[in-house]
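Below is one structure; the comments refer to it alone.
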Amino acid sequence: MKAVVLKAINELELAEVERPEPGPGFSLIRVLACGICGTDRHIYKGEYPSSKPVILGHEFGGVIEEVGPSSKFKVGQLVSIDPNIVCGKCPDCLAKRTAFCPELTALGVNINGGIAEYVLTPDSQIYPVAAGLNPLHLAFIEPLACSIRGMDLAALKGGERVAILGGGVIGLLVVQLAKLAGASEIVLVTRQKFRRDVALKIGATRVVDPKNEDVSQVVTGMDVTFECAGAVDTFKQSQVITRRGGCVIVLGLTAADTNLEINPFSIVVNELRIQGSFLNPLTQSRAAELVSSGKLNLDILISKVVDLDGVQAVLDTPPAEGDIKYIVCP
Ligand SMILES: [Zn+2]
Ligand SMILES: [Zn+2]
């Protein structure tokens with residue numbers, strides 16, 4: 001089978017590799033769609049730890065091609081995959097904090113992933129989706145599961161004023177989730193006009209261009225702010241625009257060595273909660289069901305679809321202005 005293998009930092013190869021055989025507890029997935037995200041770019045450049053050689057791709061789904069002995073799955077089933085594999089037995093797993101499992105490994109990071117014709121997948125990671133689902137939508141289930149984690153931590157009850165900083169895939173999924181959760185105001189802040197226009201079509205009640213407007217002046221008193229840009233400026237802004245007693249959910253990933261000054265006094269007197277949101281602990285099945293329901297507008301987020309030959313060029317070039325999601329169809 002063909003696969004995109006990361007051999008070393010900045011070194012990819014479209015290789016012919018042996019097609020795996022599923023043993024007990026495993027299935028072989030024929031990949032129909034795999035998203036490429038910022039994490040893949042970081043892994044490629046050596047800015048995020050990974051095994052090498054490894055087949056990249058952690059946002060994928062497809063059709064079950066072969067099952068192991070006495071599998072509960074059927075050949076031909078359309079499924080999404082949770083790439084994050086945990087032990088299920090440690091104190092963190094037992095307390096449902098699976099993102100902190102010390103044995104966490106991930107398909108497409110430490111184990112061969114979805115930018116390939118086939119992937120050997122533990123059955124524990126497989127989540128069936130609606131049979132008629134557009135296969136491209138499979139690429140959104142993992143990032144949606146991460147966004148749902150952020151929503152869980154925000155615990156919206158309806159009627160809140162919500163700001164979202166950053167108009168990438170996560171930001172635009174959070175826009176739609178906030179709408180479904182009944183937020184009364186949904187403000188999206190992003191520099192890219194195309195993304196602002198998309199946001200208005202999928203649920204944002206207002207958009208702000210931070211190049212032309214002072215965000216801290218025009219966005220104020222937010223009940224919940226989602227930081228989805230992973231930048232120092234937006235992290236600082238999020239604390240200014242959130243109301244006293246409000247909550248900042250940090251989904252955006254900065255470089256691991258980024259530091260900045262914070263003001264403990266203002267955190268105390270404003271009772272500000274700054275809450276990180278990491279991975280997709282126990283949210284993948286809800287993400288699979290929500291995507292299956294058709295309640296999200298995902299087509300509008302797809303910027304480019306490439307085959308395995310096109311992956312190198314995508315990873316060698318920064319995303320074009322306004323582009324949102326690139327998907328590989330092996
Ligand atoms: Zn990703
Ligand atoms: Zn564990």
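Things worth noting here:
Residue by residue, here is whether (1) out of contact with any strand residue (DSSP E or B) (no Cβ under 6 Å at 6 or more places or on another chain); (2) in contact (Cβ under 8 Å) with a residue 40 or more places away in the chain; (3) of a type outside the set (Gly, Ala, Ser) holds:
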{"site": "165", "(1), (2), (3)": "no, yes, yes"}
{"site": "176", "(1), (2), (3)": "yes, yes, yes"}
{"site": "187", "(1), (2), (3)": "no, no, yes"}
{"site": "199", "(1), (2), (3)": "no, no, no"}
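- For region 95-125, the candidate set comprises residues that are over 18 Å from the mean Cα position of the chain (by Cα) and near ligand 2 (Cβ under 8 Å from one of its atoms); within that set, the residue that is nearest to residue 29 (Cα to Cα) is 103.
- Residues that are more than 10 Å from ligand 1 (Cβ to nearest atom) and touching a Cys at 6+ places or on another chain (Cβ under 6 Å) within region 30-59 comprise just one, 33.
Okay, residues lined up against (1) farther than 22 Å from residue 64 by Cβ; (2) assigned by TED's automatic domain parsing to the domain that holds residue 216:
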site: 94; (1), (2): yes, no
site: 99; (1), (2): yes, no
site: 107; (1), (2): no, no
site: 125; (1), (2): no, no
site: 139; (1), (2): no, no
site: 157; (1), (2): yes, yes
site: 170; (1), (2): yes, yes
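- The number of residues in region 1-58 being assigned to a strand (DSSP E or B) and touching a residue at least 60 places away in the same chain (Cβ under 8 Å) comes to 17.
- Restricting attention to region 271-325 and to residues that are within 17 Å of residue 80 (Cα to Cα) and among the hydroxyl-bearing types (Ser, Thr, Tyr), the residue that is nearest to the chain's Cα centre (by Cα) turns out to be 283.
- Test: residue in region 88-106 that is within 16 Å of ligand 1 (Cβ to nearest atom) and closer than 29 Å to residue 131 by Cβ: yes
The values are calculated or read from the model by the stated rules, or taken from the named source; none is laboratory data. Quick caveat: nothing in here was measured; it's all calculated off a predicted structure. For neighbour counting, all protein chains shown are included, and Cβ atoms are generated from backbone atoms with ideal geometry for every residue, glycine included.
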